[in-house]
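S.K.: First, the structure itself, so that you have it in front of you.
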């Protein structure tokens, strides 16, 4: 692998990571706002089409795209690390926030044995997950460890059979390789595993599905320029085909005689595991999600692959804002519901409030050295010293005093997050 290749930085991948995590925060507010209205017996007949587009369609590809981007980021990171260094970094970057979130932010410390048992349970179900919305980090940590041997092999053999095969697929005429091969593999996973259990938050048939997306991201970046060339070639056809696939997905989702045909688990309802309808649904679902990924990757490659002075800052904010956003989401939803504020007005105001809140939390924890790791922020004292006001302080005693204040503020922040979660439960 050439040194020039190793120095490549794709700003579009970083921008997509920031944008998609921001959309995730917005998406969760939108979904839980709807749940609140439905819980109050309120129906929303108006604006159903935008809701379908934002919530229904987006749910099919947003997590898939995030796992692809995580795989891409892993490919860039793995070039400069040994497999042991990579595993240790994943354990720190993902494992510490997962444990902190599970035992502190989700109150697991009050039932440590039960929490640990559920943490180690394979597919505990959404109601019994001790880590809440951090299942994304949980799955990503497992995928990273499971696939490390493959990643190391690819890194050590950049011209080996695996990378050569990926390049061969990408070089198929008209971009048919990248258009057809990944979604066919995803469809096979759906056809074989989806009938047996309801897929939810990365469990059951969704577990191998998202691992495939993660692997695809790694392999595509390992193919280097072949990937970036083909993603530019397929931009226009993908832009045309994706909305058509969305229509097919919607029709199958709403009109299929198979219950939960997109979510899985219809065998429990007495329906045959395999059928033409089920196969068609898995094919459409897989192509739909993959084409959305290609759509956003291809346009990001064209429009976003350029540096920006805010990008590094926002990229650093991704994990801590993701970790705390659910604690800030529920209270405004409940309060706006009690106040009778309309859905779209509440969604607009609430989303702004949550975005402000998560950025305030980020600004607090990034200045508290010993809180950075548990909120997924890289670096320790050296990085903190570069941040205002540390970088303006020449007096060591002043720096120590502010560090104590920053850590005390971080403790208050955590207590506030827990109080908000309890308060939303009481008000709701």
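S.K.: For region 236-260, give me each residue that is assigned to a helix (DSSP H, G or I) and either in contact (Cβ under 8 Å) with a residue 12 or more places away in the chain or touching a strand residue (DSSP E or B) at 6+ places or on another chain (Cβ under 6 Å) (or both).
M.R.: Within region 236-260, 237, 238, 239, 241, 242, 245, 246, 248, 249, 250, 252, 253 meet the criteria.
S.K.: Give me the pairs: first residue in region 370-399 and touching a residue at least 60 places away in the same chain (Cβ under 8 Å), second residue in a loop (DSSP other than H, G, I, E, B) and surrounded by 12 or more Cβ atoms within 10 Å (Cβ to Cβ), beta-carbon distance under 7 Å, and six or more apart or on different chains, which are they?
M.R.: 377/366
S.K.: So, in region 303-318, exactly how many residues are in contact with a helix residue (DSSP H, G or I) (Cβ under 7 Å, 6 or more places away or on another chain) and crowded, with 19+ Cβ neighbours inside 10 Å?
M.R.: Of the residues in that region, 4 qualify.
S.K.: Is one or more of the residues making up region 56-64 surrounded by fewer than 19 Cβ atoms within 10 Å (Cβ to Cβ) and modelled with pLDDT under 85?
M.R.: Within region 56-64, one or more residues are surrounded by fewer than 19 Cβ atoms within 10 Å (Cβ to Cβ) and modelled with pLDDT under 85.
S.K.: Within region 120-141, which residues are outside any loop (DSSP other than H, G, I, E, B) and either farther than 24 Å from residue 318 by Cα or at pLDDT below 95 (or both)? Outline the logic, then answer.
M.R.: Pass one, region 120-141, residues outside any loop (DSSP other than H, G, I, E, B): 132-141.
The answer is 132, 133.
S.K.: What do you reckon, is residue 323 at pLDDT below 95, more than 30 Å from residue 185 (Cβ to Cβ) and buried (at least 21 other Cβ atoms within 10 Å of the Cβ)?
M.R.: no
S.K.: Another one. Condition check: surrounded by 13 or more Cβ atoms within 10 Å (Cβ to Cβ), under 21 Å from the mean Cα position of the chain (by Cα) and under 19 Å from residue 417 (Cα atoms). Does residue 94 satisfy that?
M.R.: no
S.K.: Just give me the residues in region 352-383 being farther than 22 Å from residue 327 by Cβ and at pLDDT 95 or above, in sequence order.
M.R.: If the condition is that a residue be farther than 22 Å from residue 327 by Cβ and at pLDDT 95 or above, then 369 is the only one that fits.
S.K.: In this structure, does residue 144 turn out to be part of a helix (DSSP H, G or I) and not assigned by TED's automatic domain parsing to the domain that holds residue 221?
M.R.: yes
S.K.: Could we say that residue 266 is assigned by TED's automatic domain parsing to the domain that holds residue 206, more than 18 Å from the chain's Cα centre (by Cα) and surrounded by fewer than 17 Cβ atoms within 10 Å (Cβ to Cβ) here?
M.R.: No; evaluated as a whole, the condition is false for this residue.
S.K.: Now for a different question. Out of curiosity, is residue 299 in a helix (DSSP H, G or I), surrounded by fewer than 18 Cβ atoms within 10 Å (Cβ to Cβ) and at pLDDT 95 or above?
M.R.: Yes.
S.K.: As an exercise: evaluate residue 272 against (1) in contact with a helix residue (DSSP H, G or I) (Cβ under 7 Å, 6 or more places away or on another chain); (2) loosely packed, with under 15 Cβ neighbours inside 10 Å; (3) not in a helix (DSSP H, G or I) and give the number of the one condition it does not meet.
M.R.: (1)
S.K.: Based on this model, can you work out whether residue 99 counts as surrounded by 15 or more Cβ atoms within 10 Å (Cβ to Cβ), in a helix (DSSP H, G or I), at pLDDT below 95 and touching a helix residue (DSSP H, G or I) at 6+ places or on another chain (Cβ under 9 Å)?
M.R.: The answer is no for residue 99.
S.K.: If I ask for residues that are within 24 Å of residue 228 (Cβ to Cβ) and in contact (Cβ under 8 Å) with a residue 12 or more places away in the chain, which ones from region 175-210 would you list?
M.R.: Within region 175-210, 175, 177, 178, 179, 181, 182, 183, 184, 185, 186, 210 meet the criteria.
The values are calculated or read from the model by the stated rules, or taken from the named source; none is laboratory data. All of these numbers come straight from a predicted model, not from anything done at the bench. Virtual Cβ from ideal backbone geometry, glycine too; neighbours counted across all protein chains shown.
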